[in-house]
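Q: Provided herewith is a single structure, encoded as structure tokens, for subsequent inquiry.
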Amino acid sequence: MQRRKTAFTLIELLVVIAIIALLIGILLPALGAARDSARNLKCASNMRQLAVGHALYAQTEDEINIPGRMAKFGANADPRNLYSVGNGLHYRPRWMVAMGAGAGFYAYNQPSTEPTSENDNNKLLDHEIFQDPSAKEYINNRNYGLGYNFQFLGNSRRRADGQFVRFPTRIHQFNGQTVLFADTLGTAATYAERDRLPYNPMPHPSNNQREIANHGWSLDPPRLTPDGDNCDESRDGTHRSAPDARHGGRANVAWMDGHVKAYRPEDLGYVIEDDGSFAYGSMEATNKHFSGSGRDSDPPRIN
């Protein structure tokens, strides 16, 4: 007797294909969510290590908080403008470079003592600790993806009388529930979501305030005032920075006590308009998470 050959019919093959397609449709969102969760955890881990760098820096510097940017003295060529970043000297490094050095992570493979605009505005951060896996390209030291609470913790810009706006400050002046730094939109926060432009890793010599993370290194508190500073030093009563809710509608925030957690910008005291732009001086906004005392204080005056 001849054995009968068996094979799938066309209908059976189509059923199998349909089942596979259905399973893929079910699994893909779960895989995407798992991938986003892993990126979020990696970002938070990197931020925690930088926060440790802040504490270690303060321990060696008489409890002084890192300023948003190291102070400028005299002319650009003044040697006091060169600061150690762990593996060499660098011209007026910004906060994340000092934090990285405090924790033993060197921001630049080759620090530079050149005070040029190219070095100041276009230099990229080399170590992976400074990356957010959800926005790996946000590593320009000026257009950085994380913004520092510089207005309250350390603003080394000068007032009209030549004194620092707010520097130095010391750790003991701030409670642990004070924002240290967070994911940031930079000046793009000023504009409606539809009007924002993509991130620019090399902003010099242009300076488009609509670009995401433009001047992102500096995070403005929720409520700004006419006689206070703002992220890009334009002090125009319009442009401001604010958190970037790029992790599932939330922004990762590092706090003075070292913990990192994701929040909606509104939870931090910001007021968001219907078009997605952030209000500049709304009285409904509160600075209580930024001031260091738990009170809704105004940012330091510039005059």
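The values are calculated or read from the model by the stated rules, or taken from the named source; none is laboratory data. Just so it is clear, the model here is predicted, and its values are computed rather than measured. Positions of Cβ are backbone-derived with ideal geometry, glycine not excepted, and every protein chain shown enters the neighbour counts.
Q: Of all residues in the stretch 257-303 being hydroxyl-bearing (Ser, Thr, Tyr) and under 16 Å from THR238 (Cα atoms), which is surrounded by the fewest Cβ atoms within 10 Å (Cβ to Cβ)? Give the derivation first.
A: Of the residues in the stretch 257-303, the ones hydroxyl-bearing (Ser, Thr, Tyr) are 263, 270, 277, 280, 282, 286, 291, 293, 297.
Next, only the ones that are under 16 Å from THR238 (Cα atoms) stay: 270, 277, 280, 282.
Values: TYR270: 26, SER277: 19, TYR280: 22, SER282: 16.
Among them, the one singled out is SER282.
Q: Going residue by residue through the stretch 102-120, is there one that turns out to be aromatic (Phe, Trp, Tyr), in a loop (DSSP other than H, G, I, E, B), surrounded by 15 or more Cβ atoms within 10 Å (Cβ to Cβ) and in contact (Cβ under 8 Å) with a residue 40 or more places away in the chain?
A: Just the residues of the stretch 102-120 that are aromatic (Phe, Trp, Tyr), to begin with: 105-106, 108.
Okay, now just the ones that are also in a loop (DSSP other than H, G, I, E, B), so 105-106, 108.
In the following step, the residues that additionally are surrounded by 15 or more Cβ atoms within 10 Å (Cβ to Cβ) were identified as 105-106, 108.
Now drop any that are not in contact (Cβ under 8 Å) with a residue 40 or more places away in the chain, which leaves 105.
Scanning the stretch 102-120 turns up at least one residue that is aromatic (Phe, Trp, Tyr), in a loop (DSSP other than H, G, I, E, B), surrounded by 15 or more Cβ atoms within 10 Å (Cβ to Cβ) and in contact (Cβ under 8 Å) with a residue 40 or more places away in the chain.
Q: Given TYR83, TYR138, which one is of a type in the set (Phe, Trp, Tyr) and surrounded by fewer than 21 Cβ atoms within 10 Å (Cβ to Cβ)?
A: Details: TYR138 fails: surrounded by fewer than 21 Cβ atoms within 10 Å (Cβ to Cβ).
Checking each option against the conditions leaves just TYR83.
Q: Which of (1) part of a loop (DSSP other than H, G, I, E, B); (2) in contact (Cβ under 8 Å) with a residue 40 or more places away in the chain; (3) not hydrophobic (A, V, I, L, M, F, W, C) is the odd one out, the single condition SER234 does not satisfy?
A: (2)
Q: Restricting attention to the stretch 198-246, and to residues there that are over 15 Å from GLY68 (Cβ atoms) and among the acidic types (Asp, Glu), which single residue is nearest to the chain's Cα centre (by Cα)?
A: Here the answer is ASP244.
Q: Could you check the stretch 264-300 and list, in sequence order, the residues that are assigned to a strand (DSSP E or B) and free of Cβ contacts under 8 Å to residues at least 40 places away in the same chain?
A: Applying the first criterion (assigned to a strand (DSSP E or B)) to the stretch 264-300 yields 272, 278.
Across the stretch 264-300, the qualifying residue is only ILE272.
Q: Kindly indicate the residue of the stretch 64-78 that is in contact (Cβ under 8 Å) with a residue 24 or more places away in the chain and either loosely packed, with under 15 Cβ neighbours inside 10 Å or aromatic (Phe, Trp, Tyr) (or both) and also nearest to GLU233 (Cα to Cα) among those meeting that condition.
A: First pass over the stretch 64-78, keeping only residues in contact (Cβ under 8 Å) with a residue 24 or more places away in the chain: 64-72, 76-77.
Still in the list and also either loosely packed, with under 15 Cβ neighbours inside 10 Å or aromatic (Phe, Trp, Tyr) (or both): 76-77.
Values: ASN76: 19, ALA77: 22 Å.
Restricting to residues being in contact (Cβ under 8 Å) with a residue 24 or more places away in the chain and either loosely packed, with under 15 Cβ neighbours inside 10 Å or aromatic (Phe, Trp, Tyr) (or both), the top hit is ASN76.
Q: Mind checking whether some residue in the stretch 191-206 is modelled with pLDDT of 95 or more, in contact with a Gly (Cβ under 8 Å, 6 or more places away or on another chain) and under 28 Å from GLY176 (Cβ atoms)?
A: So far as the stretch 191-206 goes, no, none of its residues is modelled with pLDDT of 95 or more, in contact with a Gly (Cβ under 8 Å, 6 or more places away or on another chain) and under 28 Å from GLY176 (Cβ atoms).
Q: Ok, one more. Would a scan of the stretch 36-56 turn up a residue that is within 23 Å of SER218 (Cβ to Cβ), over 19 Å from the mean Cα position of the chain (by Cα) and either buried (at least 18 other Cβ atoms within 10 Å of the Cβ) or not aromatic (Phe, Trp, Tyr) (or both)?
A: Here is the first cut: in the stretch 36-56, the residues within 23 Å of SER218 (Cβ to Cβ) are 43-44, 46-56.
Right, trim to over 19 Å from the mean Cα position of the chain (by Cα) and you get 56.
Subset that is either buried (at least 18 other Cβ atoms within 10 Å of the Cβ) or not aromatic (Phe, Trp, Tyr) (or both): 56.
Yes.
Q: Let me confirm something: among ASP220, ASP232, ASP244, which residue is farther than 22 Å from SER156 by Cα, surrounded by 20 or more Cβ atoms within 10 Å (Cβ to Cβ), in contact with a Ser or Thr (Cβ under 8 Å, 6 or more places away or on another chain) and among the charged types (D, E, K, R)?
A: Working: ASP220 fails: farther than 22 Å from SER156 by Cα; ASP232 fails: farther than 22 Å from SER156 by Cα.
None of the other options fit; the residue is ASP244.
Q: Return the residues of the stretch 64-101 that are among the aromatic types (Phe, Trp, Tyr) and over 16 Å from ARG142 (Cα atoms); say none if nothing qualifies.
A: The initial filter retains those residues of the stretch 64-101 that are among the aromatic types (Phe, Trp, Tyr), namely 73, 83, 91, 95.
Across the stretch 64-101, the qualifying residues are PHE73, TYR83.
Q: Take the residues in the stretch 121-135 that are aliphatic (A, V, I, L, M), outside any helix (DSSP H, G or I) and buried (at least 18 other Cβ atoms within 10 Å of the Cβ); name whichever of them is nearest to the chain's Cα centre (by Cα). Give the steps one after another, and end with the answer.
A: The initial filter retains those residues of the stretch 121-135 that are aliphatic (A, V, I, L, M), namely 124-125, 129, 135.
After this cut, where a residue has to be outside any helix (DSSP H, G or I) as well, the list is 124-125, 135.
If we keep only those that are buried (at least 18 other Cβ atoms within 10 Å of the Cβ) as well, we get 125, 135.
Numbers: LEU125: 13, ALA135: 11 Å.
The selected residue is ALA135.
Q: While we're on this one: Within the stretch 244-263, can you find the residues that are part of a strand (DSSP E or B) and of a type outside the set (A, V, I, L, M)? Don't jump to the end; show me each part of the working.
A: Initially, the stretch 244-263 is screened for residues part of a strand (DSSP E or B), giving 247, 250-255, 260-263.
Passing the criteria: HIS247, ARG250, ASN252, TRP255, LYS261, TYR263.
Q: Go over the candidates ARG170, ARG166, ARG159, ARG92 one by one and state the one that is in contact with an Asp or Glu (Cβ under 7 Å, 6 or more places away or on another chain), surrounded by fewer than 24 Cβ atoms within 10 Å (Cβ to Cβ) and touching a residue at least 24 places away in the same chain (Cβ under 8 Å). Reasoning before the result, please.
A: On the way: ARG166 fails: in contact with an Asp or Glu (Cβ under 7 Å, 6 or more places away or on another chain); ARG159 fails: in contact with an Asp or Glu (Cβ under 7 Å, 6 or more places away or on another chain); ARG92 fails: in contact with an Asp or Glu (Cβ under 7 Å, 6 or more places away or on another chain).
After applying the criteria, what remains is ARG170.
Q: Determine which member of the set PRO79, PRO115 is within 19 Å of MET202 (Cβ to Cβ) and over 21 Å from the mean Cα position of the chain (by Cα). Explain how you work it out, then say what you get.
A: Numbers: PRO79 fails: within 19 Å of MET202 (Cβ to Cβ).
Of PRO79, PRO115, the one residue that is within 19 Å of MET202 (Cβ to Cβ) and over 21 Å from the mean Cα position of the chain (by Cα) is PRO115.
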